[in-house]
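The values are calculated or read from the model by the stated rules, or taken from the named source; none is laboratory data. What you see is a predicted model, and the numbers here were worked out from it, not measured in a lab. Here the Cβ positions follow ideal geometry from the backbone for every residue, glycine too, while neighbour counts run over all protein chains shown. SASA here: full protein model, heavy atoms, side chains in, ligands and nucleic acids out. Shrake-Rupley method; radii C 1.70, N 1.55, O 1.52, S 1.80 Å.
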Amino acid sequence: MVKAAQAKFGVDVMHAASASLSEADHDFCFALLKRNMESLRLDAGWGFNDSGERATLRDEESHFLILRPSGQEDAAASPAGFCMYRWILEGECTVLYVYELQLTAEYRGKGLGKFVMQLLELLANKHKMQFMMLTVFKNNDGAMRFYLDRLKYSVDETSPSRCAVDDESSYEILSKCLDKELLKGAVQGADDLGPRLRNVALN
């Protein structure tokens, strides 16, 4: 998959824990996150706190895929994008939770985001994770279509719109089951695979 990234997208993929990232890479990740997401988060009512976002990126539980243009000799030169994820437990389920997937403008719309998510899926399967999960703002139409339509995620049972706790919430929690045994035993219906599969996992 890494060689495929070089051949198809002209990027090298570097995997690292937060503590292993250089200061330049940490600064790049924060700057790109701010550039891509600040206005969306403000519009959604979440706000954007610089120090809080930097702390999240530097958290010891954060792991990264750094996408660097192939043949980039200057280590301080800007990457093409990054993904940040964590290994978590959601109830009794093991989860790879995607916190951020951010690309620079010149690398969007070329299939690189889908490729990165497929790479994460392979990583999650390797570590026997049962689910992948992520949070998407409802006002981010492109991201909602990307995950729901192209990658076949579903609205998770813990999402505010499914809990009937806050139907006016500005975000959705999406999930995708990777556990073949859960998938095999699940009753697949309409558009609510998330809750049904999660119920199978808990029983």
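Scanning region 78-88 for residues that are open to solvent by 30 Å² or more (accessible area, probe 1.4 Å) and farther than 25 Å from Ser170 by Cα yields a single hit, Ser78.
For region 153-167, taking the residues that are free of Cβ contacts under 8 Å to residues at least 40 places away in the same chain and of a type in the set (Val, Ile, Thr), the one that is nearest to Gly113 (Cα to Cα) is identified as Val155. Would it be correct to say that Leu67 is touching a Pro at 6+ places or on another chain (Cβ under 7 Å), modelled with pLDDT of 95 or more and open to solvent by less than 40 Å² (accessible area, probe 1.4 Å)? Yes, satisfied. Of the residues making up region 98-107, none is more than 22 Å from Asp27 (Cα to Cα), over 15 Å from the mean Cα position of the chain (by Cα) and of a type in the set (D, E, K, R). Among the residues of region 89-119, those that are within 19 Å of Leu183 (Cα to Cα) and open to solvent by less than 20 Å² (accessible area, probe 1.4 Å) comprise Cys93, Val95, Leu96. Report yes if Ser159 is touching a helix residue (DSSP H, G or I) at 6+ places or on another chain (Cβ under 6 Å), farther than 23 Å from His15 by Cβ and not aliphatic (A, V, I, L, M), otherwise no. Here the answer is no, as Ser159 does not meet what is asked.
Checked against (1) on the phi > 0 side of the Ramachandran plot; (2) out of contact with any helix residue (DSSP H, G or I) (no Cβ under 9 Å at 6 or more places or on another chain); (3) not charged (D, E, K, R), Ser51 passes all but a single condition, namely (1). Once region 3-38 is narrowed to residues that are free of Cβ contacts under 8 Å to residues at least 12 places away in the same chain and open to solvent by 60 Å² or more (accessible area, probe 1.4 Å), the residue that is farthest from Val116 (Cα to Cα) is Glu23. Of all residues in region 39-53, those satisfying the criterion of being free of Cβ contacts under 8 Å to residues at least 60 places away in the same chain and either loosely packed, with under 14 Cβ neighbours inside 10 Å or under 17 Å from the mean Cα position of the chain (by Cα) (or both) are Ser39, Leu42, Gly47, Asn49, Asp50, Ser51, Gly52, Glu53.
Among residues of region 127-152 that are farther than 19 Å from Leu112 by Cβ and assigned to a loop (DSSP other than H, G, I, E, B), those with a beta-carbon under 6 Å from a residue that is open to solvent by less than 60 Å² (accessible area, probe 1.4 Å) and not aliphatic (A, V, I, L, M) at least six positions away or on a different chain give the pairs Met129/Thr94; Gln130/Cys93; Gln130/Thr94; Gln130/Asp179; Lys138/Ser170. Lys184: open to solvent by 30 Å² or more (accessible area, probe 1.4 Å) and at pLDDT 95 or above, yes or no? So Lys184 fails the test.
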